[in-house]
Protein chains: 2
Amino acid sequence: MSFDQIFINTLRTLSADMVERAGSGHLGMPLGASPMVYELFKNHIKLDPQNTEWFDRDRFIYSSGHGTPLLYSLYHLFGYDISMEDLKNYRQLGSITPGHPENYLTKGVDATTGPLGQGFAMAVGFAIAETHLGAKYNKDDLKIIDHYTYVVCGDGDLMEGVALETASIAGRIGLNKLIVLYDSNDVCLDGNVINSTSDNIKKKFEAMNWNHIFVKDGENIVDVGKAIEEAKKSDKPSIIEVKNIIGFGTIDAGTNNAHSDPLGNDGIAYLKKQVGWEYEGDFYVPEEIEAFKEEYLKEASNKYEAWLDKKIQFKEKYPEDYEKLFNYKEAIKKLDFSGFIKYTEPKPIRVASEDVLNYVYDELGCLIGGSADLSKSNKVNIRKCGYLSKENQANSNIAFGVREFGMAAITNGISLHGGLIPFAATFLVFSEYMKSAIRHAALQKINPIYIFTHDTLSIGPDGPTHQPIEQLAEFRSVPNVDVIRPADPNEVIYSWKYALSNNKPTILINARQELPVLNETNYEKFVKGAYVIDDSDDYHATIIATGSEVSLALKAKEVLEEKGIRLRIVNMPSWELFEREDRTYQDSVIDRKKPVISIEASSGFGWERYTGKTENVICVNDFGESGNGQDLYEARGFNVKDIVARITEILS
Amino acid sequence: MSFDQIFINTLRTLSADMVERAGSGHLGMPLGASPMVYELFKNHIKLDPQNTEWFDRDRFIYSSGHGTPLLYSLYHLFGYDISMEDLKNYRQLGSITPGHPENYLTKGVDATTGPLGQGFAMAVGFAIAETHLGAKYNKDDLKIIDHYTYVVCGDGDLMEGVALETASIAGRIGLNKLIVLYDSNDVCLDGNVINSTSDNIKKKFEAMNWNHIFVKDGENIVDVGKAIEEAKKSDKPSIIEVKNIIGFGTIDAGTNNAHSDPLGNDGIAYLKKQVGWEYEGDFYVPEEIEAFKEEYLKEASNKYEAWLDKKIQFKEKYPEDYEKLFNYKEAIKKLDFSGFIKYTEPKPIRVASEDVLNYVYDELGCLIGGSADLSKSNKVNIRKCGYLSKENQANSNIAFGVREFGMAAITNGISLHGGLIPFAATFLVFSEYMKSAIRHAALQKINPIYIFTHDTLSIGPDGPTHQPIEQLAEFRSVPNVDVIRPADPNEVIYSWKYALSNNKPTILINARQELPVLNETNYEKFVKGAYVIDDSDDYHATIIATGSEVSLALKAKEVLEEKGIRLRIVNMPSWELFEREDRTYQDSVIDRKKPVISIEASSGFGWERYTGKTENVICVNDFGESGNGQDLYEARGFNVKDIVARITEILS
């Protein structure tokens, strides 16, 4: 048996042993896809298993995230920091070999995958980052960034809209260094793919300006290798459709029964016989593979060292570019916005945000992003350049088209790639299309910036499909995400400053309309998440407001003061930031012994955390309607008169 | 000028006048798409403007929801119940002519549209409903259901993943009575479509088994008419790509500047001159059109009457089918589940749900739905039949493939069509892909049923991408949706009973695992949303629990009782149902004067509504991890010992 075949069989038997020991897992994909993935790693991909953070490594996005037995076996055999013990701990609490790959747990995992379609879509983001950085920083004599992005995906991925949205974008931009290995096995969890899908994948991807290459037998790694080489030469993104057999070598091969679950002792014996496995015992790795690993690592290390030399040259010859590419995080920390104005006049929040965005871009250059076809409304245009395209890859505005989910997945990919801080914008209500990708950013501990405008029903005539109600609650409930709703133009500056150096996703909720400049704001107060913005001695109650409702609360305070009701007004730009403060600070802002009332023109869901009582939450819990925005806002109780009446009622 | 041209120009000038008077609105699409929509209404579509609930009317889904000036003008001129006054009230509070079409406000609007892609996707649901009901109920001598589903959509719709997902499904099922009029004008809000998209739409749709017809000049309504007739003959769904000019007749025609906003007086004068409009004044309708309307309505009414005759015949000849098709809502009300078992032994909640689903199907037959490729895990298989397909259109299981969003939009379309109650299933965490469509169901006041299984991190080894945390909070915050989390197998029966006759969407949160049968449950208590399930005299505190945590709370109560801590345990299957009860009932269940503690293995976001204090919320606020499910559940504090300790601490 050839070395290649022994290696492939080792991947298969290790995978089977892992699932067996774990008592669960998805074995069908690993058994079928082992040859193609092996071929990629052995002969094509550029990486160094011992230096998994190498900036110019090829990226490997395992969109078939359920097929981790193969991924971890592969990484183990190619010398990554995954031991035999780790393989045996597959799917156990605290292991570095979880059920789906987690970028923050396991070295060499470029992206967390599992929610189908998103691996593919993030890979488009990786490829955009590479292309864009290459266009910006490579020199004729020195290509500092020059790598491929490889994806392994399955039938399920290609059914998901998010993959299809981003495939169109990839085709438009001509991401020719994006190479997808499509594990085409005609089977999904519920049975045969044909039950739900009769698409002609070749024609469909060609229609999106992709290069489609067909490999009729995935067991033939020579053909797989040729296909990869052919893909590398293409001027389009490539999808290599490799016909594999799910559950190869098992009794259920080729059917959905082979998708998941351990084989049992008899099943493993059957598999080993079918693939011609000659060794005893489980978790066995033949000696020749160990020997191969040493060689592989040496070569890989040489490649990495060569790039490090290049990096030194780059630093010497192009020190400015070097700083921008490799030290932008330090530059962000140093950026103090002293070159930027402090607002003194009212300004639409979204417009202030566009000003800040452009200031940051001009200073640092590390921003890239855009809107899902609402850039003029969202105010996210980088003024210095046009749209990133096949023809102009150094441009930093991305025309995502009307593809919110794809946009969010792409920004995740860009963020994971590194070298850039991506942003994504739409109306707050359409953030819903992106929810899963935003959660996915939070889970991966990356820091894209979301800019959601048109933040209350005051947007008016477009009606309830366009008026956010529950979205603030929705995002505040997501772990590891910071939601920020600035109350005045200067808080927009602070919110950007905070978001840029955040270590998690930041959602900026930017009002469409003009808001007055508030006194008493500064960055130090702002980053505490909530602070007193107007106070009275012996106040009767605390009013917490956010965004556009802060100035409303301040006006109500004046009226109530005349009636003898004294208030403390708290501006709360961010729940999450406030909750990271210590109890002493929190209590100094909100005294729970007195009544607490909240004002926010959104769902009241969750506000009892601060008010203690549902009655004290001034909010909008129903869908909006079409009509003049200011009228609607006021009709739902967001005017001084009604607010005064509500507060009076609550306190009586 | 021909009558046709005068009519088309009337649509255009009315649209311009509406946007002018409203001060905002999207005029570009109406000006370009008027001819094709006119041709459809004049010569092809089957409907009766005076009987908009006609069950066998052709459906008209206006996916380009922003283009309402054209829609309302069209409806006005064709004799729908939209007056000239209504046109003048366009986009005003309280009008029946809101910015985007709202199915619950305006007669003749078959679906609320605006969030792009979802109109197209819902139309696939309409066409599935028609095809399926036809296959089930039509007789050789009597076709009781036999209509087309027409869609108007634009470039933006076809960029959205949800449209692409459902296009694949439509092609697979061969929905040949689905006809899409694609307003292909090469322009979107941000500029030219080519900035974000270079797809070959013909090739792309043909790859998905669609029939693509090209009309090179949308002004040529003869060609549009021929294309519609050709589409009607196809054995595939058809997309008619009509080249239109956005903002036709304006100075900005053919550019994104023509997309929105009023033209101003000069702009309107320019438009009127360009299209050869000879009349004075605004909101003018030439006399010949009024005369035409009368004729049109007479003919339409005749068609409707003919169908009513058919319906009477159907009732006489096929009384049983008649009942099933037209009176299923009454049958649901009568269904008392007396023929169904009452559970006495522990049972996995998801399995109990599949039993109930099949009982209902067998009794009523009006259910249709499926899972996004997780039917075996979600337990939603209708045992009596296979998958709905081109070959077997009467089957009631839908193989949605891995297309969660598309699935939800399709169920919305089916629900809007009527004649069926649709259901859609996936893991709770992947409900995120569907969020916008679920909101859209709530807004449209329809009642699809969602079945979300694997409802806590106890699902284990698949890890955090598969473990829901914040999803319960997310859906509880959506207006007009009922979220139900059954605590035992019998509550599964109640939840289905409730969901079937609900007038809004119902989300069933079904645990994967076995739960014991609780004493003291019955339907009357259940529908109050929360009730005392175990009580102690002079109890010290109230514990509220849901789903799998109810039995955990009961066990903790026993232990604490021995320590002298007496508890009341409240089972709360649904917040929404509980909140619809009066204050007296609510207070009789939860006495706020004593401490209240909640236990739910999900995000605690929102629970302070009942507990008053964050400290009293026992929950999981962080992402999960891969590992044995029971171990993980217990490690995060969901075991008797930790619960006992937490309660003791809170009460001390």
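Each reported figure results from applying straightforward, stated rules to the coordinates on display, with no laboratory input. Treat the numbers as computed from the prediction; the structure is a model and nothing was measured. All Cβ positions, glycine included, derive from the backbone under ideal geometry; neighbour counts span all protein chains shown.
Return the loop-located chymotrypsin sites (Phe, Trp or Tyr not before Pro) in segment B:88-191 (DSSP other than H, G, I, E, B) with at most 12 other Cβ atoms within 10 Å of their own Cβ; answer none if there are none.
B:TYR104
At 4 °C and 1.567 mPa s, grab the translational diffusion coefficient of segment B:267-418 from Stokes-Einstein with a Kirkwood Rh over Cα pairs, rounded to a whole number in µm² per second.
In µm²/s, the coefficient is 63.
If you put a point 7 Å past Cα along the Cβ direction, how far is that point for A:SER83 from the same point in each other copy, in nm, smallest first?
Distances to the matching label points in the other copies: 8.3 nm.
For segment A:171-221, what is the largest minus smallest coordinate of the Cα atoms on each principal axis, given in angstrom and ordered from greatest to least?
Answer, in whole Å and largest first: 35, 28, 16 Å.
If you line up the long axis of helix A:287-317 against the longest principal axis of chain A, both from Cα atoms, how many degrees apart are they, to the nearest 10?
In chain A, helix A:287-317 runs at an angle near 50 degrees to the longest axis.
Go through segment A:295-345 and name the trypsin sites (Lys or Arg not before Pro) that are in a DSSP coil and have 14 or fewer other Cβ atoms within 10 Å of their Cβ.
Answer in residue order: A:LYS342.
Using a Förster distance of 60 Å, how high is the FRET efficiency between B:ASN192 and B:ARG566, based on the Cβ-Cβ distance and rounded to 0.05?
After rounding to 0.05, the efficiency reads 0.25.
Mind listing the label-point distances from A:SER234 to the same position on all other copies, shortest first, one decimal in nm, points 7 Å along Cα→Cβ?
Result for A:SER234, in nm, nearest copy first: 2.7.
Rounded, prolate or oblate: which one fits segment A:113-210, using the alpha carbon gyration tensor with axes a ≥ b ≥ c (rounded when a/c is under 1.5, else prolate when a/b beats b/c, else oblate)?
prolate
Before anything else, pin down the relative contact order of segment B:271-425: Cα pairs under 8 Å, at least 6 apart, normalised by residue count, whole percent.
So the answer I get is 18 percent.
Pairing the Cα long axis of helix A:28-43 with the longest principal axis of chain A, what angle in degrees results, from 0 to 90 and rounded to the nearest 10?
80
Using a basic spin-label model with each label point 7 Å from the Cα along Cα→Cβ, how many nm lie between B:LYS226 and A:THR614?
My value for the distance between the label points is 6.3 nm.
How crowded by other chains is A:427-439, given as the mean number of beta carbons from other chains within 10 Å of each beta carbon?
Taking all residues of A:427-439 together, the mean is 5.
Shielding by partners for A:622-634, please: the mean number of other protein chain Cβ atoms within 10 Å of each residue's Cβ.
Average per residue, whole number: 4.
What translational diffusion coefficient, to the nearest whole µm²/s, does segment B:84-127 have by Stokes-Einstein, given a Kirkwood radius computed over alpha-carbon pairs, a temperature of 37 °C and 0.692 mPa s viscosity?
Calculated translational D: 290 µm²/s.
So if we plug the beta-carbon distance of B:GLU345 and B:LYS317 into 1/(1 + (r/R0)^6) with R0 = 51 Å, what FRET efficiency do we get, rounded to 0.05?
Given R0 = 51 Å and the Cβ-Cβ separation, E is 0.65.
Can you give me the angle between helix B:118-137 and the longest principal axis of chain B, using Cα atoms only, in degrees from 0 to 90, rounded to the nearest 10?
Helix B:118-137 sits roughly 80 degrees off the main axis of chain B.
Give me the net charge for the shell around A:SER495: Cβ to Cβ below 10 angstrom, other residues only, Lys and Arg +1, Asp and Glu -1.
Every neighbour counted, the sum reads 0.
When only C-alpha pairs under 8 Å and at least 6 residues apart count, what is the relative contact order of chain A, in percent?
It comes to 12 percent, rounded to a whole number.
Rounded if a/c is under 1.5, else prolate if a/b beats b/c, else oblate: with a ≥ b ≥ c from the C-alpha gyration tensor eigenvalues square-rooted, which is segment B:225-301?
Judged from the Cα gyration tensor, segment B:225-301 comes out oblate (a/c at least 1.5, b/c at or above a/b).
For peptide B:403-411, what's the mean number of Cβ atoms from other chains within 10 Å of each residue's Cβ?
3
Suppose each label sits 7 Å from its Cα in the direction of the beta carbon; what would the A:ASP535-A:ALA291 distance come out to in nanometres?
Label at A:ASP535, label at A:ALA291, 7.8 nm between them.
Under a point spin-label approximation (7 Å from Cα along Cα-to-Cβ), what is the B:LYS139-B:GLN630 distance to one decimal in nm?
Going by the 7 Å Cα→Cβ label model, 5.7 nm.
Per the Kirkwood definition applied to all pairs of different Cα atoms, how many angstroms is the hydrodynamic radius of segment A:236-277?
It is 11.6 Å.
Largest first and in whole Å, what are the equivalent-ellipsoid semi-axes of chain A based on the Cα gyration tensor, each being the root of 5 times an eigenvalue?
51, 27, 23
Any chance you could run the full-extension gain for B:TYR585 through B:LEU308? It's 0.36 nm times the residue separation minus the Cα-Cα distance, nm to one decimal.
Length gained between B:TYR585 and B:LEU308: 95.0 nm.
Based on alpha-carbon positions alone, could you give the equivalent ellipsoid semi-axes of the protein assembly as shown from the gyration tensor, as √(5λ), descending, whole Å?
Three semi-axes, in Å: 43, 39, 36.
A 32 angstrom limit on the alpha carbon distance is what I want to check against. Which of A:LYS376/B:LYS236; A:LYS435/B:LYS204; A:LYS293/A:LYS324; A:LYS203/A:LYS226; B:LYS311/B:LYS342; A:LYS504/B:LYS347 exceed it?
Distance filter (> 32 Å) returns A:LYS376/B:LYS236; A:LYS293/A:LYS324; B:LYS311/B:LYS342; A:LYS504/B:LYS347.
Suppose we consider the axis relating copy B to copy A; can you name the residue of B with the nearest Cβ and state that distance in angstrom as an integer?
Of all Cβ atoms in chain B, the one nearest the axis gives B:GLY161, 1.
Quick one: give the max-minus-min coordinate of the C-alpha atoms of segment B:168-274 along each principal axis, largest first, in Å.
Rounded to whole Å, the extents work out to 50, 32, 18 Å.
Cα centroids of segment B:295-311 and segment B:11-72: how far apart, whole angstrom?
22
Could you calculate, for segment A:406-451, the ratio of the Cα radius of gyration to the Kirkwood radius, expressed as Rg to Rh?
Answer for segment A:406-451: 0.93.
With an 8 Å Cα cut-off and a minimum separation of 6 or more residues, compute the relative contact order for segment B:428-490 in percent.
37
Could you sort A:258-267, B:582-591, A:66-75, B:481-490 so that the peptide with the highest average Cβ count within 10 Å comes first and the rest follow in order?
Ranking the peptides A:258-267, B:582-591, A:66-75, B:481-490 by packing returns A:66-75, B:481-490, A:258-267, B:582-591.
Between segment A:440-468 and segment A:395-436, how many Å separate their Cα centres?
12
Could you calculate the contour length gain from B:SER2 to B:ASN519, that is, 0.36 nm times the residue separation minus the distance between their Cα atoms, to one decimal place in nm?
178.5 nm
As an exercise, use a Förster radius of 56 Å and the Cβ-Cβ distance of B:SER338 and A:PHE283 to find the FRET efficiency, rounded to the nearest 0.05.
0.50
Where in segment A:370-441 are there trypsin sites (Lys or Arg not before Pro) that are in a DSSP coil and have at most 15 other Cβ atoms within 10 angstrom of their Cβ?
Passing both the DSSP loop test and the Cβ count: A:ARG383, A:LYS384.
Shortest first and in nm with one decimal, please list how far the B:ASP146 label point sits from its counterparts in the other copies (point 7 Å along Cα→Cβ).
Nearest to farthest, the other copies are at 6.8 nm.
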